[in-house]
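Heads up, the thing below is written out as structure tokens.
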Amino acid sequence: MHLGDVLLQGAAALASLGAVALVVLIVYKVVEGARLSLSTFGLGFVTHVGWDPVHLKFGAGSFLFGTAITSLGALILATPLAIGIALFLTELAPAGIRGPVTALVETLAAIPSVVIGLWGILVLAPLLRDHVDPALHSALGFIPLFGPATYSANVFTAIIVLTIMILPIISSISRELFLGVPSELKEGALGLGTTRWEMVRGVVFPYTRGGVAAAMILGLGRALGEAIAVAMVIGAFTGISWNLFNPGNTLAAMIALNYQGASSGLELSSLIYLALILLVFSILVNLLAQLIVRRVARRQGLAST
């Protein structure tokens, strides 16, 4: 074996071990920081609703609820939009505009979250409060999710902000997946007399469904961990409300807003406990995405043989 090959393998192995060691160190440090809260509240911390620094009673229940509502809501809104953008750029858009539109969509992912949060406060929140929220309440007020709309900083605004932030992730990955569909499959379907939509539905979607699912999960992971932009528009309310037009809070936003001002060691440890929960969710989401990709690759490999 050549010296260059040995050096390359060694450098690659060290890089891989370094990444693993970094994850282990992060997990260790977070667990160590949350030890006091873990010993005080145990697993009951996960379901307890309330955050009372005066009486030293803390729980993650309301923040878990807010994280789930905002992340899943953003995923539901962003997925069809992202798939539509990806299909337009790969199947429908004229060649002259594919490059500029693709660049603009990918540039959206590079905008700092604090800038998006500031835009959410100044532009998006008043727009939703004055026009969209009342219209949704008027049309869908019989559903608990669309109750009275009185706050500009609320869960629905956070959902829209997260939708904007995960949209380029899902659309970029989906676009690459759609470009990877063999052209002979698409041309064969069109040659058999199918319409373009029937070709997309019968060839493109089945071929890429596993990858699109993984892209959705990665977008979900991005939504779960977003802190600054959400903290700026969600209203920072501790409690559970099914009305999307009421203020709320999330795990990441709670940590960002209160870590520097923690008034006791137990409160600080409880905030790190929130970080531990968020870290576990993020790791599980990424592992699930990798599992889906591998299963789809294995099935496609078996199908090709």
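The values are calculated or read from the model by the stated rules, or taken from the named source; none is laboratory data. Just so we're clear, the structure is a prediction, and the values are computed from it rather than from any experiment. We place every Cβ from the backbone using ideal geometry, glycine too, and count neighbours over all the protein chains shown.
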Only one of 272, 240 is under 21 Å from residue 48 (Cβ atoms) and assigned to a helix (DSSP H, G or I). Can you tell me which? 272
Residues 232, 254, 216, 199: which one is among the hydrophobic types (A, V, I, L, M, F, W, C), under 19 Å from the mean Cα position of the chain (by Cα), more than 27 Å from residue 287 (Cβ to Cβ) and part of a helix (DSSP H, G or I)? 232
Is it the case that the range 49-71 has a residue that's free of Cβ contacts under 8 Å to residues at least 12 places away in the same chain and assigned to a helix (DSSP H, G or I)? yes
Being over 17 Å from residue 154 (Cα atoms) and part of a helix (DSSP H, G or I) narrows 193, 210, 261 down to just 210
Which pairs do you get when a residue that is under 12 Å from residue 175 (Cα atoms), found in the range 203-215, comes within reach of a residue that is among the polar types (S, T, N, Q), reach meaning Cβ atoms under 8 angstrom, with the pair 6+ apart or on two chains? 208/174; 211/174; 212/174; 215/174
Scanning the range 145-159 for residues that are in contact (Cβ under 8 Å) with a residue 40 or more places away in the chain and either under 13 Å from residue 118 (Cα atoms) or surrounded by fewer than 22 Cβ atoms within 10 Å (Cβ to Cβ) (or both) gives 145, 146, 147, 148, 150, 151, 153, 157, 158
Inside the range 79-186, counting only helices (runs of 4 or more DSSP H) that do not spill past its ends, which hold 2 or more residues that are at pLDDT 90 or above? 113-119, 133-140, 155-179
Taking the range 1-46 and keeping residues of a type in the set (S, T, N, Q), surrounded by 11 or more Cβ atoms within 10 Å (Cβ to Cβ) and either within 25 Å of the chain's Cα centre (by Cα) or at pLDDT 90 or above (or both) leaves 37, 40
Among residues of the range 56-84, those that are of a type in the set (A, V, I, L, M, F, W, C) and over 18 Å from the mean Cα position of the chain (by Cα), counted: 3
